[in-house]
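Visitor: Quick one: the structure is below, questions incoming.
The values are calculated or read from the model by the stated rules, or taken from the named source; none is laboratory data. Just so it is clear, the structure is predicted and the values come from calculations on it, not from any experiment. Cβ sites come from the backbone with ideal geometry, for glycine too, and all protein chains shown count toward neighbours.
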Protein chains: 6
Amino acid sequence: MSVTAIYPGSFDPPTHGHLDLIRRSSRLFDKLVVAILRNDAKQPLFSMDERRVMLEECTRDIANVEIGYFQGLLVEYAARRGARVLIRGIRAVSDYEYELQMTSMNRHLQPDIETVFLMASEQYSFISSRLVKDVFRLGGDISGLVPPTVEAELKSKITQELPKS
Amino acid sequence: MSVTAIYPGSFDPPTHGHLDLIRRSSRLFDKLVVAILRNDAKQPLFSMDERRVMLEECTRDIANVEIGYFQGLLVEYAARRGARVLIRGIRAVSDYEYELQMTSMNRHLQPDIETVFLMASEQYSFISSRLVKDVFRLGGDISGLVPPTVEAELKSKITQELPKS
Amino acid sequence: MSVTAIYPGSFDPPTHGHLDLIRRSSRLFDKLVVAILRNDAKQPLFSMDERRVMLEECTRDIANVEIGYFQGLLVEYAARRGARVLIRGIRAVSDYEYELQMTSMNRHLQPDIETVFLMASEQYSFISSRLVKDVFRLGGDISGLVPPTVEAELKSKITQELPKS
Amino acid sequence: MSVTAIYPGSFDPPTHGHLDLIRRSSRLFDKLVVAILRNDAKQPLFSMDERRVMLEECTRDIANVEIGYFQGLLVEYAARRGARVLIRGIRAVSDYEYELQMTSMNRHLQPDIETVFLMASEQYSFISSRLVKDVFRLGGDISGLVPPTVEAELKSKITQELPKS
Amino acid sequence: MSVTAIYPGSFDPPTHGHLDLIRRSSRLFDKLVVAILRNDAKQPLFSMDERRVMLEECTRDIANVEIGYFQGLLVEYAARRGARVLIRGIRAVSDYEYELQMTSMNRHLQPDIETVFLMASEQYSFISSRLVKDVFRLGGDISGLVPPTVEAELKSKITQELPKS
Amino acid sequence: MSVTAIYPGSFDPPTHGHLDLIRRSSRLFDKLVVAILRNDAKQPLFSMDERRVMLEECTRDIANVEIGYFQGLLVEYAARRGARVLIRGIRAVSDYEYELQMTSMNRHLQPDIETVFLMASEQYSFISSRLVKDVFRLGGDISGLVPPTVEAELKSKITQELPKS
């Protein structure tokens, strides 16, 4: 049996929480596709390419991980990639509820694709890409929340964003 | 005792989840008013009239159902209509919390009007108007989620919306 | 349309929370049967008869309320009584979850019987029969939690229970 | 990569909910061990052997499923079996919370063993072994909740249990 | 030991829920700083100054309360003020989850500052500044939800906001 | 202002989770009474005295902590001790709900005593006395979950408990 799993997300930017989940999932399935969602409406901080490069750099040492893109329905992307599993991390009850609704809808659309949930590690359970960006913009220290590569990218990106004054 | 109940919502568009609740509520009270919320700030996909027509078509066979409009405070609309009951469907815990907060506020504003909750049927518990629209726009199959009439309306509406390319 | 509703419970003893729900439900349906669950395994403080007498006394002024007993499956009792509605009060999220599970099971067993949920009034949301008994046994003041009749019954019951020392 | 997963439980008796999860998990991992918990304190209805026989009968057509027993710490059993994954089904938020607590504890005890959660199918989300037994004892119809084999076993078991009267 | 606590919020406008929490917190700590968040992105109804004046008027009789402003990271403001405690009110489970995530992040940023939660009083548990404004704009009665001062300010503010017609 | 706080619990036995909360609370209030609940119905593993000794040993370096006993109503004990604050740790949503119900009841019984909640540290959020005892009995490693003193006590206690075989 050879099983491909997909771990979808925005990864804007990738955090230690994401990377922990990628590492743990890669041990369970033959191949893991980390799939970056292209969502033009959301005005991301990092371009698709920048996010792909950061993810590649941080997962370089994991042999069975591949970075991909998708837009449209996740389950159709999964079907095209021959993936049987979607990976979702859960942290809080409210995550969980939204995830169950999406899982039911995905099951309705593609009954053969299974969603499996992994619990966030305790020390990463409060990290989200949005919160990392907010803390960084307000001058807080984000080492320990993202890998050094990502911290450097955030620094150069957000310095550009701000007007010199 | 003759009791009128109100089932309020945006119905943009009506789903099988809504229609299941309408059918079940209509068996419990003498008269059921399905009340479409006019919320100009929300940029709905369907006009008030289009939503009314779809709801009328889908509830044609239920004698004690009537379609209405409201804006402003729901409890005042209910009082004007002589309704003693508000119907709310609940699916998930997060729905439930928001509903409890609204129920407390409505009770504060009009202590004589009672809110009753009905649980969504299992097979419809993951359907929402927003999710139906999202899935449809991304090319997913929504039969089974909305009645055929509504599916046809969505098709013609969303085809107009997209630029020919 | 004439609708009978059933409000089931242990009522060991009835609290202000129960009576609030009985009063509110009695305004929504033509007839309300308050159904005391006979559960021999649970070792109740009050006998079935004592609970019936307390409930009758506290609901004497509500014309369309009747007190009954049941054991076995609630939905079969409801069917025998010609009831179309089960009333359940909800206070907290954990109540709610258990209630949803029971509602799904009851719907599976008797699809024609509908469960409706009413939210506990804010000032009664922390009262349960068990907690009232615990507080009373520990010497706390329970006026405001149960009607005076019930307080008197608790007093005489629990004084008998304790060894004179 | 060859991954063994363990699906632990009491299975007293197995339900359609369990079997749905077994079937779905067996498609994701190379080998699935369904592990029956021996808990002498709990006074089960069915003996370990009876549960094993029912599970074997119901999973006969799934090649990579094996039935096992365990007592003591689940993660140590998993380590002895060379399993890298624990499977847990989740239905409601309260399940979920308890599961997260156990997952943290198991991760503390054996960091290399990963717990993955699968969401119960909507139509089985209200079924539990305990509820099935309760409904059956009260004379309710449980076809649709358990496989025919299990229903037959329940019938013969619970008939023995009751005094002839 | 002299402990300063900070109660942060938008207070746009202050409600009876906020004032209840301020009063209760002021009894627990030597000094309480009510800290108004300056968030230019949020388009508040009341200016920072108007909010400060309303808070001062409503807390005039509490000796150890002081009104302040902050922007940027709350924990850095707390550190600058020599505060050891952050006060947060909780009403519903969803509040609670978000609060736990923020608390973890704040603890990561400043391990010496402790967040303590106080439960909203039952009669105020459904009040939020946003809901008060919505109800007021729709013509509902908000006495009982905010102090008279705030009600008067809302009246003059929202009358200005609306076009004369 | 001199404020005494009470941190009540069974502490059967004390865990790192309890000790973390004691340490953090002792920094917020002038005096902290750790109050061991005497509950004869619960069949504790450790006697009241054993629990007091373990708590004293583990809190020896915190000057403003005192160990006490109570039975009966917690709020009456608090009133007798002149305490204005009850401390409760929260970990999960289900904890939280039960705590809110108890807080409402305590507020009803003694409106002047305030309950404040502190969030469990992430690394201790899955530890409970019951789970520690279960894991220990099943042969799991509990270092990291309780202080060495407590681990030694558990060892000698549970060895006595088991029959030599």
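Visitor: Under the condition of being surrounded by fewer than 18 Cβ atoms within 10 Å (Cβ to Cβ) and touching a residue at least 24 places away in the same chain (Cβ under 8 Å), which residue from region C:25-39 is farthest from C:I158 (Cα to Cα)?
Guide: The residue in question is C:D30.
Visitor: Within region F:63-79, can you find the residues that are crowded, with 16+ Cβ neighbours inside 10 Å and out of contact with any strand residue (DSSP E or B) (no Cβ under 6 Å at 6 or more places or on another chain)?
Guide: F:L73, F:V75, F:E76
Visitor: Which of (1) within 14 Å of chain C (Cβ to nearest Cβ); (2) touching a residue at least 40 places away in the same chain (Cβ under 8 Å) does F:E50 not meet, given it meets every other one?
Guide: (1)
Visitor: Quick one: in region C:133-148, which of the residues that are in contact with a helix residue (DSSP H, G or I) (Cβ under 8 Å, 6 or more places away or on another chain) and under 17 Å from C:C58 (Cα atoms) is farthest from the other protein chains (Cβ to nearest Cβ)?
Guide: Step by step, filter region C:133-148, then rank; the result is C:P147.
Visitor: To continue, here is another question. Just checking, which of D:Q123, D:Q110 is within 14 Å of chain F (Cβ to nearest Cβ) and out of contact with any Ser or Thr (no Cβ under 8 Å at 6 or more places or on another chain)?
Guide: Residue meeting the stated conditions: D:Q110.
Visitor: Looking at (1) over 11 Å from the mean Cα position of the chain (by Cα); (2) within 11 Å of another protein chain (Cβ to nearest Cβ), which one does C:R88 not meet, given that it meets all the others?
Guide: Unmet for C:R88, out of (1) over 11 Å from the mean Cα position of the chain (by Cα); (2) within 11 Å of another protein chain (Cβ to nearest Cβ): (1).
Visitor: Taking the condition of being among the aliphatic types (A, V, I, L, M) and part of a strand (DSSP E or B), how many residues in region D:132-147 meet it?
Guide: Result for region D:132-147: 1.
Visitor: Would it be correct to say that F:G82 is exposed (fewer than 15 other Cβ atoms within 10 Å of the Cβ), more than 13 Å from chain C (Cβ to nearest Cβ) and modelled with pLDDT of 85 or more?
Guide: Yes; evaluated as a whole, the condition is true for this residue.
Visitor: Quick test of your reading of the structure: A:A5 fulfils all but one of (1) surrounded by 17 or more Cβ atoms within 10 Å (Cβ to Cβ); (2) in a helix (DSSP H, G or I). Name the failing condition by number.
Guide: So A:A5 meets the others, but not (2).
Visitor: Need pairs with beta-carbon distance below 9 Å; first residue without any contact (Cβ under 8 Å) to a residue 12 or more places away in the chain and within region B:122-145, second among the aromatic types (F, W, Y) and assigned to a loop (DSSP other than H, G, I, E, B); sequence gap 6+ or separate chains.
Guide: Within 9 Å, the pairs are B:E122/D:F126.
Visitor: State whether the residues of region D:67-82 include one that is of a type in the set (A, V, I, L, M) and under 30 Å from A:M105 (Cα atoms).
Guide: No, there is no match, as no residue in region D:67-82 is of a type in the set (A, V, I, L, M) and under 30 Å from A:M105 (Cα atoms).
Visitor: Hey, among the residues in region C:142-161 that are farther than 16 Å from C:L55 by Cβ and among the β-branched types (V, I, T), which one's surrounded by the fewest Cβ atoms within 10 Å (Cβ to Cβ)?
Guide: C:T159
Visitor: Could you check region B:110-165 and list, in sequence order, the residues that are touching a strand residue (DSSP E or B) at 6+ places or on another chain (Cβ under 8 Å), of a type in the set (D, E) and within 24 Å of A:L74 (Cα to Cα)?
Guide: Within region B:110-165, B:E151 is the sole residue that qualifies.
Visitor: In region E:29-43, which residue that is at pLDDT 95 or above and not charged (D, E, K, R) is farthest from E:L86 (Cα to Cα)?
Guide: E:I36
Visitor: Evaluate the following for E:S94: is it at pLDDT below 85, more than 14 Å from chain B (Cβ to nearest Cβ), surrounded by 19 or more Cβ atoms within 10 Å (Cβ to Cβ) and over 21 Å from E:S25 (Cα atoms)?
Guide: It is false that E:S94 is at pLDDT below 85, more than 14 Å from chain B (Cβ to nearest Cβ), surrounded by 19 or more Cβ atoms within 10 Å (Cβ to Cβ) and over 21 Å from E:S25 (Cα atoms).
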